[in-house]
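So the structure is just underneath, and the comments pick up after that.
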Amino acid sequence: MLTDRGPNADFEGSAGKGKQFLVPDYTPRIGLFELQATGQIIKIKEILLKDENGNPISGLPNPQHSAERSKSLTMSTASR
């Protein structure tokens with residue numbers, strides 16, 4: 001399972017419509033789960049997603065760049 005940016009909700013306020021991030025310091029992660037013969041699901045491992053410097057990412061929109069200017073990472077770059 002892959003999470004994205006944590007719990008969020010749509011809202012509309014004085015500044016207009018938008019997305020509210022309820023846990024802004026949430027780090028997206030990959031979870032590895034195993035289905036047991038009994039039907040129970042057990043989490044085996046959790047991997048926090050990090051940037052190229054090893055810092056946890058937030059999953060929040062990047063205010064410094066539009067989607068067109070965002071830096072994309074290849075699989076080989078992201079796995080360092």
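The values are calculated or read from the model by the stated rules, or taken from the named source; none is laboratory data. Predicted, not measured: the structure shown is a model, and the values here were computed from it. With ideal geometry, Cβ positions are generated from the backbone for all residues, glycine too; neighbour counts draw on all protein chains shown. Heavy atoms of the whole protein, side chains included, go into the accessibility calculation; ligands, DNA and RNA do not. Shrake-Rupley method; radii C 1.70, N 1.55, O 1.52, S 1.80 Å.
State yes or no: is G39 part of a loop (DSSP other than H, G, I, E, B), open to solvent by less than 70 Å² (accessible area, probe 1.4 Å), more than 19 Å from P7 (Cα to Cα) and at pLDDT 95 or above? Here the answer is yes, as G39 does meet what is asked. Residues in segment 1-30 that are over 22 Å from I41 (Cβ atoms), part of a strand (DSSP E or B) and open to solvent by 60 Å² or more (accessible area, probe 1.4 Å): D10, F11, E12, K17, K19, Q20.
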